[in-house]
1. Kindly evaluate Val57 against the criterion of being open to solvent by less than 10 Å² (accessible area, probe 1.4 Å) and either touching a Gly at 6+ places or on another chain (Cβ under 9 Å) or of a type outside the set (Gly, Ala, Ser) (or both).
2. Considering only residues that are buried (at least 18 other Cβ atoms within 10 Å of the Cβ) and part of a strand (DSSP E or B), look in region 78-93 and name the one that is nearest to the chain's Cα centre (by Cα).
3. Can you confirm whether region 100-107 contains a residue that is over 13 Å from Gly136 (Cα atoms), open to solvent by 30 Å² or more (accessible area, probe 1.4 Å) and assigned to a strand (DSSP E or B)?
4. Taking only region 122-143 into account, find how many residues are buried (at least 21 other Cβ atoms within 10 Å of the Cβ) and among the aromatic types (Phe, Trp, Tyr).
5. Sort through Gly186, Gly191, Gly157 and tell me the only one that's crowded, with 17+ Cβ neighbours inside 10 Å, modelled with pLDDT under 95 and small (Gly, Ala, Ser).
6. On the basis of being of a type outside the set (Asp, Glu) and modelled with pLDDT of 95 or more, does Ser76 make the cut?
7. Any chance region 108-121 includes a residue that's among the aliphatic types (A, V, I, L, M), open to solvent by less than 40 Å² (accessible area, probe 1.4 Å) and touching a Leu at 6+ places or on another chain (Cβ under 7 Å)?
8. What single numbered condition from (1) out of contact with any Asp or Glu (no Cβ under 8 Å at 6 or more places or on another chain); (2) modelled with pLDDT of 95 or more fails to hold for Ala20?
Amino acid sequence: MRKHSIIAAVAILGGFAPIAHAQNVIPTHWASISRPGGEGVLRAGSGWDAGSTPSNVITLVDGVFAPESQQWNDGSYWWDETQTVSPFQTTLQLDASYTFNRLVLQADNNDDYLIEYWTGSAWQTAFTAGAVGGYGLTTRDSGTLASFTTDRFRFTGLNGDQYYAMSEFQAFGVPEAGTWALMIIGFGGVGCAMRQRSAKLKIA
């Protein structure tokens, strides 16, 4: 009986599981990115020329992490704040407002990165991805946050050596009420299927 019950549960939940999980909204819902000019320039004699690639802001939103500990200015969106406006802030505009409860940023390990969201009238701190040990591009995960709704994010590099790099940003949307309703219906269907199967086996 257990085997058939499990099969029934998988069959019914199969249609609901994909939408029941929070998803990274950014790759398919970002609309524009605004930032000051001047990124992708190294200081004279920095020693970071070898392995460096041109700064590419699209790496921030493409849904792909760089290999962990990759050189900070290789395959990333990077800048030297001593040669740009300060603070050098980047704003990511989404195509609509979404509700989030988890953020992930892959960025240069030895700096802090402030991630803010727009409330409709002011910027509010969502997550500060602090400096960590190791080397190069390193991932920081906010874990579960209090849910907030926004249509844009702002990034600011802080502290460190004023060489900053971000290689991937992910923001996980909270399932909408309709999704939760479908998931509950799915679980209800599993319960019904299990009860019906059990009743049939008893009659037989």
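1. So Val57 fails the test.
2. In this case the residue turns out to be Leu92.
3. Yes: region 100-107 contains one or more residues that are over 13 Å from Gly136 (Cα atoms), open to solvent by 30 Å² or more (accessible area, probe 1.4 Å) and assigned to a strand (DSSP E or B).
4. 1
5. Checking each option against the conditions leaves just Gly186.
6. So Ser76 fits the description; yes.
7. Within region 108-121 (the criterion being among the aliphatic types (A, V, I, L, M), open to solvent by less than 40 Å² (accessible area, probe 1.4 Å) and touching a Leu at 6+ places or on another chain (Cβ under 7 Å)), the answer is yes, since at least one residue qualifies.
8. Failed condition: (2).
The values are calculated or read from the model by the stated rules, or taken from the named source; none is laboratory data. Just so you know, these numbers come straight off a predicted model, no measurement behind them. Virtual Cβ from ideal backbone geometry, glycine too; neighbours counted across all protein chains shown. What goes into the accessible areas is simple: the full protein's heavy atoms, side chains included, and nothing from ligands, DNA or RNA. Shrake-Rupley method; radii C 1.70, N 1.55, O 1.52, S 1.80 Å.
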